[in-house]
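Notes to accompany the following structure.
Bear in mind these aren't lab numbers, they're just calculated from the coordinates by the rules spelled out. Computed from a predicted structure; not experimentally measured. Positions of Cβ are generated from backbone atoms using ideal geometry, with glycine treated the same way; all protein chains shown enter the neighbour counts.
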Amino acid sequence: MRQHGLARRFTGASEEALEARARRFKQQRPMSGYRYFMGHLQVRGIKVQRWRLRDALRRVSGVARVLRL
């Protein structure tokens, strides 16, 4: 990919920082989901792997906590 001028670069956000952002996001927009959160981060210049984003939302989502019990 590099030889063609393409690169995938992800922001080095820690799991704790990503989870804190997910928590704030869900407090502001409790009915919004994964894609909205991804756009929310991208607008702010934060690029993370989809699986990390999904996991962070699952950890902070009250509904997901109930379903896991």
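Quickly rank 39-50, 16-27 as a protection proxy: mean count of other C-beta atoms within 10 Å, highest first. Can you show the working numbers first?
Details: 39-50: 12.7, 16-27: 15.8.
Most protected by this proxy first, the peptides run 16-27, 39-50.
Please compute the modelled spin-label separation between Arg44 and Gln27, points set 7 Å along Cα→Cβ, answer in nm with one decimal.
Going from the Gln27 label point to the Arg44 one covers 1.2 nm.
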